[in-house]
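First the structure, in the form of structure tokens, and then the observations on it.
The values are calculated or read from the model by the stated rules, or taken from the named source; none is laboratory data. The model shown is predicted, which means the values in this text are computed figures rather than measured ones.
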Amino acid sequence: MESVVAKARKWGNSLGVILPKDVVEKVGIKDGSDVELLVSARKKSVLKELFGSMKGKTKDKRPIAEFMKEIDRELYND
């Protein structure tokens, strides 16, 4: 089994994925081979998905260094 990230591209009325040559050779895929795919859409920003976008969303105008010090105090000085 091999893991590959590929970009889907328009192919007629469908979408197609091109497998890299080195993976095709390593796995032994030939013309007409059956290929099983595990499909998932990759998000562009995992961190943004996890934490959200804070830029410009806060009314607090303190510098980021102050926020970091406050977080450190809360995490390590309980």
ask   = Do we find that VAL39 is among the β-branched types (Val, Ile, Thr) and at pLDDT 90 or above in this structure?
value = no
task = Could you check how many residues of the range 1-16 are assigned to a loop (DSSP other than H, G, I, E, B) and at pLDDT 90 or above?
result = 2
inquiry  = Tell me whether the range 51-63 contains one or more residues that are at pLDDT 75 or above and in a loop (DSSP other than H, G, I, E, B).
reply    = yes
